[in-house]
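Okay, so here's the structure we're looking at.
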Amino acid sequence: MKTIIAAYSGVLRGTGSSILSALQDLFWLSKSKVEKQLQIISVLQWVLTFLIMGIACTLILMYILCTDCWAIAALYLAWLVFDWNTPKKGGRRSQWVRNWAIWRYFRDYFPIRLVKTHNLLTTRNYIFGYHPHGIMGLGAFCNFSTEATGVSQKFPGIRPYLATLAGNFRMPILRDYLMSGGICPVNRDSIDYILSKNGSGNAIIIVVGGAAESLNCTPGKNSVTLKNRKGFVKLALRHGADLVPVYSFGENEVYKQVIFEEGSWGRWVQKKFQKHIGFAPCIFHGRGLFSSNTWGLLPYPKPITTVVGEPITIPKIDNPCQREVDFYHSIYVDSLIKLFDKYKSKFGLPETEVLEVN
C-alpha cells in the first residue's frame, strides 16, 4: 500500500512540475509577445507622427476654434505667436521626453545601434553629416533625438541637435513635440545660433542628401547625394565647427520604394514638390501591422547601425572662398568613403561593395 501511495505522490509531483513548467513557458512567451507589440506600437506612433501629426493637429486646432472650447485653441495660438522664434534659438529639449521608455522599444524593433569610433572634445562644436537619408531617417532620429542608444553616455558633454525641415516648426503641437527631442530647423538662423551663441559642445546633425537622396533609396543600394552639397561645409568654416562623417548601415533596407527614372512623369512630380514645398513624395511600403507578409506603413525590422566617424578639424574663416569650401568638402567626401569601406564588412556588406557618391 505504501508503495502505491509513494508512486501516486511521485506522479502528482511530476504532474505539478510539468504544469508549473508549462505555466512558466506560457508566461515568458506572453512577455515576449507583449514586448513585440510594444515595439510595433512605438514605431507606428513615430511613423504616424512623421506622416500626419502636423496636418492632423492643425485641423483639430481649427475645429476647436469653431466649438465652445475655442478659448483653449485661442490661448495656444497666442502662445504660438509668443514662442514663434524658439526653434531658431536652440529649441526646448526635454531630457524626460528623450528618455521615454517608448524609445527603447523603438530601438529594439529593428534594432538600432550607435557606434562611436573617436572621442569628441567638449571645447569644440560639430556638424555631423548623416548619410543616407532613407525614407524617414529612422536611425538619425533614434540615435540623436532620443537617449535610446546612449548618445549622451558615448559622447559626454555633447548636445546633439537633429536638423529637419523648417516647415515642421510651423505646425502646432508637432513643433513642440519635435523640440522636446532636441530637433531644430535646418536653416541658417537656427544653425548660426547654435554654433555661435550656445557655447561649445554642440553637434548639429544634418542629413546632407535631403529629399533628393530619399528619392533614390532602396534596399541593397548604398549611394549618397553629396557632390554638389557644400553648404554645410561653408557653415562649418564660418563657425570653425569640426565636420564629422556619419554613415548608417541598413537605413535603406527598412522600406521598399518605387523608383521613378530621370525624365519620367513620376520623377517630375517629385522634383516639383521638392522645389516648392521642401520634401519629395515617395511611393513606398513596409510591412503590415498584423503580419510581416502584408504591405503597410511599418518599416521592416532590419538592423540599422550608425557609425560616427573621426572629426575633421576645420578652421574658422568668416568669409570662406569657393576654393576653401571645395578643399574641405573633398576631405569630407574622402573621410566618408573611408568610413564606409572600413566598416562595411562588419555590418553585412561584401568587401566589393562601393559607396556611390552622386
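The values are calculated or read from the model by the stated rules, or taken from the named source; none is laboratory data. Being a predicted model, the structure only gives us computed values, none of them experimental. Glycine also receives a Cβ, built like all others from the backbone with ideal geometry; neighbour counts cover every protein chain displayed. These area figures cover heavy atoms from the full protein model, side chains too; ligands, DNA and RNA do not enter into them. Shrake-Rupley method; radii C 1.70, N 1.55, O 1.52, S 1.80 Å.
Okay, residues lined up against (1) in contact with a Ser or Thr (Cβ under 6 Å, 6 or more places away or on another chain); (2) surrounded by fewer than 22 Cβ atoms within 10 Å (Cβ to Cβ); (3) without any contact (Cβ under 8 Å) to a residue 60 or more places away in the chain:
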| residue | (1), (2), (3) |
| --- | --- |
| PHE106 | yes, no, no |
| THR122 | no, yes, no |
| GLY129 | no, no, no |
| ALA140 | no, no, no |
| ASN143 | yes, no, no |
| GLY167 | no, yes, no |
| ILE173 | no, yes, no |
| ILE183 | yes, no, no |
| TYR193 | no, yes, no |
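Please determine, by comparing only the residues of the stretch 196-214 that are on the phi < 0 side of the Ramachandran plot and surrounded by fewer than 22 Cβ atoms within 10 Å (Cβ to Cβ), which one is nearest to the chain's Cα centre (by Cα). Talk me through it step by step, then tell me what you get.
Within the stretch 196-214, the first condition is being on the phi < 0 side of the Ramachandran plot, and the residues that meet it are 196-198, 200, 202-209, 211-214.
Within this subset, residues satisfying the condition of being surrounded by fewer than 22 Cβ atoms within 10 Å (Cβ to Cβ) are 196-198, 200, 211-212.
On the way: SER196: 25, LYS197: 26, ASN198: 23, SER200: 23, ALA211: 14, ALA212: 17 Å.
Step by step, filter the stretch 196-214, then rank; the result is ALA211.
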> Residues that are under 27 Å from TYR328 (Cβ atoms) and of a type outside the set (Gly, Ala, Ser): which helices (runs of 4 or more DSSP H) entirely in the stretch 87-156 hold 2 or more of them?
Replying inline: 138-144, 151-154
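Here's a check for you: in the stretch 231-273, which residue that is charged (D, E, K, R) and in contact with an Asp or Glu (Cβ under 7 Å, 6 or more places away or on another chain) is most open to solvent (accessible area, probe 1.4 Å)? Don't jump to the end; show me each part of the working.
Narrowing the stretch 231-273 to residues charged (D, E, K, R): 234, 238, 242, 251, 253, 256, 261-262, 267, 271-272.
Add one more test, that the residue is in contact with an Asp or Glu (Cβ under 7 Å, 6 or more places away or on another chain), and what stays is 238, 267.
Working: ARG238: 55, ARG267: 10 Å².
Checking each candidate, the answer is ARG238.
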> Going through the stretch 335-353 one residue at a time, which ones are touching a residue at least 12 places away in the same chain (Cβ under 8 Å) and not in a helix (DSSP H, G or I)?
Replying inline: LYS344, GLY348, LEU349, GLU353
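Only one of these is touching a residue at least 40 places away in the same chain (Cβ under 8 Å), in a helix (DSSP H, G or I) and either touching a helix residue (DSSP H, G or I) at 6+ places or on another chain (Cβ under 8 Å) or open to solvent by 80 Å² or more (accessible area, probe 1.4 Å) (or both): TYR300, TYR332. Name it.
Details: TYR300 fails: in a helix (DSSP H, G or I).
Within the list TYR300, TYR332, the selection yields TYR332.
Would the stretch 219-230 turn up any residue that is among the basic types (Lys, Arg) and within 27 Å of GLN37 (Cβ to Cβ)?
Let us first name the residues in the stretch 219-230 that are among the basic types (Lys, Arg), namely 221, 227, 229-230.
This time we only want the ones that are within 27 Å of GLN37 (Cβ to Cβ), so: none.
Taking every residue of the stretch 219-230 in turn, none turns out to be among the basic types (Lys, Arg) and within 27 Å of GLN37 (Cβ to Cβ).
For the structure I just gave you, tell me whether ILE283 is in contact (Cβ under 8 Å) with a residue 40 or more places away in the chain and of a type outside the set (Asp, Glu).
Taking the combined requirement at face value, the residue does not satisfy it.
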> Quick one: which of ILE317, ILE283, ILE277 is out of contact with any Pro (no Cβ under 8 Å at 6 or more places or on another chain), surrounded by 12 or more Cβ atoms within 10 Å (Cβ to Cβ) and under 22 Å from VAL207 (Cα atoms)?
Replying inline: ILE277
> For GLU324, are the conditions met, namely being touching a helix residue (DSSP H, G or I) at 6+ places or on another chain (Cβ under 8 Å) and open to solvent by 80 Å² or more (accessible area, probe 1.4 Å)?
Replying inline: no
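Of all the residues that make up the stretch 199-212, how many are among the polar types (S, T, N, Q) and touching a Phe, Trp or Tyr at 6+ places or on another chain (Cβ under 9 Å)?
Here is the first cut: in the stretch 199-212, the ones among the polar types (S, T, N, Q) are 200, 202.
Pick out the ones that are also touching a Phe, Trp or Tyr at 6+ places or on another chain (Cβ under 9 Å) and you get 202.
Residues flagged as among the polar types (S, T, N, Q) and touching a Phe, Trp or Tyr at 6+ places or on another chain (Cβ under 9 Å) within the stretch 199-212 amount to 1.
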